Amino acid sequence: MDGQVRCRLRTFAIIGLIAAPAVACGPFFPSNVLDSTDERMLSAPAADFVHELSLLRPEKMPSAKAVLPAEGDGTWDNSPWSATVLARQTADADVSDLQAFLRANPAVQSEHPDLVLRLKMFRSALQQLADDRETLDGLPQEQARPAAPLPDPALLAGLPAEFELYERGALAWHTQQVGQARDAWAHILRLPENQRRYRSVWAAYMLGRSHVESDPRRAGEYFSQARDLATKGFRDSTGVAAASLGWEARAWYLQKKYAPAMELYMQQLAAGDRRAAISLRDTARAAMQLPEEELAELAQSPLAQRVLVAIVLSEHGANPRYDAQPSKNGPQRLLNAIERSRAPVAAGGDRMAWLAYQGQNFDAATRWLKLAPADSGLALFIRAKLALRAGNTTAAADLLAQAAGHFPANEEWDLPVSADIPEDKSYRPRDDAMGELAVLQLGRSRYVEALDLLLNANWWEDAAYLAERVLSTDELKSYVDRQYPKDKRGKAVRPDIRYLLARRLVRVGQWKAARDYMPAEILPKLDAYVSAIRDGRDSSRSKAQRAESLWQAARIARHDGMELMGCELYPDYTEYAGEYDQGDPRNGRAKIGQGSRLNAASADELARAQKTLPDPVKRFHYRYIAADHAWAAAELLPDGSEQTAGILNEAGSWIAARDAKAADRFYKALVQRCGKTELGKRAGQVHWFVSTGSARDGTGR
C-alpha cells in the first residue's frame with residue numbers, strides 16, 4: 001500500500017459474538033504522498049466508520065453507563081472483549097458486591113465468616129466448568145472426555161437469598177438448564193426490594209438474555225426493567241444496564257428490524273461501550289443487502305440513514321479499512337434509496353457528494369455539493385478532486401488549500417473499531433489535503449512551498465526527500481532559519497528538520513555552521529571529530545601525532561557516523577537507524593512520473609536529486625569516509641609496524657562484509673606493508689582480515 005507495510009490485529013465479529021483476532025508482524029514503513037499515482041490523487045478517501053459514528057447521537061440518550069473490564073496485556077485471552085476477562089470481571093464484581101453487603105450487614109458476616117471464600121470457590125469452579133465445556137465443544141468426537149465437575153451447591157449455604165439464587169441460576173445456565181436458570185432469577189425479582197438491591201439488575205438482564213432469540217418482545221421487557229432498576233439505584237457493578245441496550249438491539253436485529261436495532265446500538269455506544277461500533281457496522285452491512293425498496297424505507301429514519309451512509313463511505317473509496325466488505329454498486333444503491341425515500345437528507349450535502357463521488361457519479365456529486373456547507377473541508381476536498389479530474393490543477397490547488405484550512409488539525413480517521421487494537425498511522429484528512437497540494441506545488445517546481453506543506457502535514461519521509469535531495473543546502477538552511485529558528489531559550493521547535501540540516505552540512509564540510517543545528521547530545525562527538533581532522537591535517541605536528549588524530553577521526557566516523565553525517569533516507573536511512581533500506585526515492589519519483597499527469601517529477605527535480613547524493617553513494621557511506629581517514633593515518637606510519645597493521649586490518653573490516661572490492665586495498669596494504677607483523681602473517685594465512693577484539697566486521701550500522 002504505497003510503500004507501507006501494515007501490521008494490524010484484525011477483529012472479526014458478529015453481533016453479540018467476538019472472535020479471536022489474527023496477529024501479524026512486521027516493520028512499520030510510512031506511506032508517502034509523493035508516491036501517489038493519478039488514481040490515488042483522483043480517489044476520494046474511505047471514511048472511518050467509528051469517526052462517522054462519533055458525529056451521531058441517538059434519539060434518546062441513555063442513563064446507563066458502560067463498565068468495561070481492564071485493558072489486560074494486549075493478548076486476546078487478556079483483552080477487554082475476551083470471555084475470560086468478562087467472566088473474571090463478573091466474578092470479581094460478585095465477590096465485591098457480597099463484601100459490600102456484608103459490610104452493611106455485619107451480623108451476617110459474624111454468623112458466616114467464610115462466605116466470601118466460599119463464593120470465590122464456587123465462582124472459580126463455575127468458570128472452570130464453563131471453560132472446559134467451551135474446549136470440549138471444539139474437540140473432535142473421538143477426543144471427547146467428561147467435563148470438569150459441577151461446582152458444589154453446598155458452597156452457597158448461608159449466602160443472602162439474592163446471591164444464592166443468582167449463583168444457582170448461573171450454574172443452571174452453564175449446564176444448559178435454561179428453565180431452572182429463569183426460575184432462580186425470576187425468584188430474585190419477587191423478593192422484597194430491600195432483599196434484592198444487589199442482584200435485581202443482574203437477574204433482569206440475564207432473563208432478557210435468555211429470551212433474546214426465542215421471544216424478542218419479552219427480552220426487551222426484561223432489558224428495559226434492568227435499566228429501570230439501575231436508574232433507581234439498584235446495584236449495577238458490571239454495567240449490564242448499558243450492555244442490555246446491545247442485547248435488546250440484537251433481538252431487533254434478528255427480526256431484521258434494523259432501525260430500532262441501530263437506535264439501541266447507538267444508545268449503547270453513547271453509554272460508553274465501544275463494542276457497539278462493531279454491532280452497528282454489522283447491522284449496517286446486513287441492511288445494505290435489503291432490496292432497494294426496503295432500503296429506501298429504512299432510509300426514512302434519520303439515524304439509520306446516517307449509519308448507512310457511514311458504512312458505505314467506509315467500505316469504498318481509496319484505502320478502505322482492513323475489514324471492509326464493499327458491496328457491488330453500494331454508493332449508487334444507497335443514493336437511489338435515499339432519493340427514493342423522499343426523506344430529508346440527514347447525512348448532509350457534503351457526505352452525499354462524497355458518496356456520489358465514490359460511486360463514480362460525478363454529476364451527482366456536483367449537484368450535491370451545491371447543498372453542502374461552504375466551510376465544509378470535506379466538500380472542498382471533493383471539489384478539488386473534481387477539479388483534478390477536469391484537469392484544472394490551478395483550481396484544485398486553491399481548493400486543497402482551503403480544504404486543509406477547514407479540516408481540524410487534530411481530526412483523525414482510520415481508527416480501529418476497538419480502541420485496544422493498535423494502528424500504525426491514523427489518517428488525517430487535513431494532512432492528506434496538504435500532501436496532495438504539495439504534490440501539485442512540486443510539479444510547479446515550488447520546492448520550498450512543497451517542503452513546508454509536507455513538514456506541517458506529517459509526511460516526514462517526503463519532506464526529508466525534498467530537504468535532503470531537492471533543495472540546495474543554502475535553500476534548506478534559509479528555510480530552516482526562517483521557519484524553525486531556536487526560541488529565546490535556545491530550544492528548537494522542529495528538531496527533526498534542524499538535525500537533518502546539521503548532518504547535511506557535515507557531509508559538505510560546513511562543520512561550523514552544522515554546530516548551530518546539531519542536537520546538544522551530539523555536539524561533543526562533532527567537536528571531537530572536527531578537532532581530530534584538523535589535528536591530523538596540521539603539518540606542524542609529527543607524523544605519529546597526525547596519524548593518531550586521523551585514526552581517532554576514523555573511529556568516530558565509523559562508530560558515530562550515522563549520528564554525525566548519516567543521510568535521513570538513501571543510502572543510509574538514518575530514519576530507521578540503518579536497519580532497513582527502502583532504496584533511492586529519486587527512482588520512485590522518476591518511475592511515478594512516467595505514467596502520471598498529476599504527479600510527474602520534473603527534469604529539474606531529478607537533476608537536483610542526483611546532484612545532492614553523498615560521496616560515495618554507498619550504503620552506510622560514512623564507513624567509507626572513516627576508511628579514508630584510516631588510510632590517511634596508515635600512510636603516515638612506517639611499514640612493518642604493528643600499529644600500521646592494526647589500523648589497516650580494522651579499517652578494512654569495516655567495509656569488507658558489504659564491499660569486498662573496496663576493502664581489498666586495505667588487505668593488500670596489510671600483507672605487503674606489514675607482512676612480517678603478527679597481524680600481517682595471520683592475514684596472509686587466511687587471505688583476508690583477521691578478527692580481533694577491537695575490530696568490527698562491518699555488519700550492523
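The values are calculated or read from the model by the stated rules, or taken from the named source; none is laboratory data. These numbers come from a predicted model, not from an experiment. A quick note on method: Cβ atoms are made from the backbone with ideal geometry, for glycine too, and the neighbour counts reach across all protein chains shown.
Some values worked out for this structure:
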{"item": "Boolean, Gly208 is in a helix (DSSP H, G or I), more than 22 Å from Glu52 (Cβ to Cβ) and in contact (Cβ under 8 Å) with a residue 40 or more places away in the chain", "result": "yes"}
{"item": "Residue, surrounded by the fewest Cβ atoms within 10 Å (Cβ to Cβ), within region 372-390, restricted to residues that are part of a loop (DSSP other than H, G, I, E, B) and modelled with pLDDT of 95 or more", "result": "Ala390"}
{"item": "Conditions (1) in contact with a helix residue (DSSP H, G or I) (Cβ under 6 Å, 6 or more places away or on another chain); (2) assigned by TED's automatic domain parsing to the domain that holds Asn194; (3) at pLDDT 90 or above: number failed by Glu52", "result": "(2)"}
{"item": "Any chance Pro80 is farther than 17 Å from Ala172 by Cα, part of a loop (DSSP other than H, G, I, E, B), assigned by TED's automatic domain parsing to the domain that holds Ala172 and at pLDDT 65 or above", "result": "no"}
{"item": "Single match in Leu207, Leu245 (criterion: under 20 Å from Glu59 (Cα atoms), surrounded by 23 or more Cβ atoms within 10 Å (Cβ to Cβ) and not hydroxyl-bearing (Ser, Thr, Tyr))", "result": "Leu245"}
{"item": "Any helices (runs of 4 or more DSSP H) falling wholly within region 265-365 and containing at least 3 residues that are among the small types (Gly, Ala, Ser)", "result": "276-287, 302-315, 330-341, 349-358"}
{"item": "Leading residue by the ranking (farthest from Ala277 (Cα to Cα)) among those in region 300-329 that are of a type in the set (Gly, Ala, Ser) and buried (at least 21 other Cβ atoms within 10 Å of the Cβ)", "result": "Gly317"}
{"item": "Looking only at region 391-423, and only at residues there that are hydroxyl-bearing (Ser, Thr, Tyr) and touching a helix residue (DSSP H, G or I) at 6+ places or on another chain (Cβ under 8 Å), the one that is modelled with the lowest pLDDT", "result": "Ser418"}
{"item": "Evaluation of Arg446 against (1) of a type in the set (Lys, Arg); (2) modelled with pLDDT of 95 or more; (3) more than 17 Å from Thr393 (Cβ to Cβ) (one fails), failing number", "result": "(3)"}
{"item": "Cβ-Cβ under 7 Å pairs, at least 6 apart or on other chains, region 188-199 side within 16 Å of Thr231 (Cα to Cα), far side at pLDDT below 95 and surrounded by 13 or more Cβ atoms within 10 Å (Cβ to Cβ)", "result": "none"}
{"item": "Enumeration of residues in region 591-614 that are touching a residue at least 40 places away in the same chain (Cβ under 8 Å) and of a type in the set (D, E, K, R)", "result": "Arg597, Asp604, Glu605, Arg608"}
{"item": "Test for Glu650: is it of a type in the set (D, E, K, R) and closer than 30 Å to Leu34 by Cα", "result": "no"}
{"item": "Of residues in region 463-502 being part of a loop (DSSP other than H, G, I, E, B) and either basic (Lys, Arg) or outside the structural domain of Leu523 (by TED's automatic domain parsing) (or both), the one nearest to Glu521 (Cα to Cα)", "result": "Lys491"}
{"item": "Any chance Asp527 is among the charged types (D, E, K, R), in the same structural domain as Glu475 (by TED's automatic domain parsing) and not in a loop (DSSP other than H, G, I, E, B)", "result": "yes"}
{"item": "Test: residue in region 483-493 that is of a type in the set (Ser, Thr, Tyr) and surrounded by fewer than 20 Cβ atoms within 10 Å (Cβ to Cβ)", "result": "yes"}
{"item": "Exclusive hit being buried (at least 23 other Cβ atoms within 10 Å of the Cβ), of a type in the set (Lys, Arg) and assigned to a helix (DSSP H, G or I), set Arg218, Arg182, Arg227", "result": "Arg227"}
{"item": "Val85 vs. criteria modelled with pLDDT under 90, under 25 Å from the mean Cα position of the chain (by Cα) and either buried (at least 18 other Cβ atoms within 10 Å of the Cβ) or of a type outside the set (D, E, K, R) (or both)", "result": "yes"}
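Here's the yes/no breakdown for (1) assigned to a loop (DSSP other than H, G, I, E, B); (2) hydroxyl-bearing (Ser, Thr, Tyr); (3) more than 30 Å from Leu388 (Cβ to Cβ):
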{"position": "Asp581", "(1), (2), (3)": "yes, no, yes"}
{"position": "Glu605", "(1), (2), (3)": "no, no, no"}
{"position": "Ala609", "(1), (2), (3)": "no, no, no"}
{"position": "Asp628", "(1), (2), (3)": "no, no, yes"}
{"position": "Pro638", "(1), (2), (3)": "yes, no, yes"}
{"position": "Glu650", "(1), (2), (3)": "no, no, yes"}
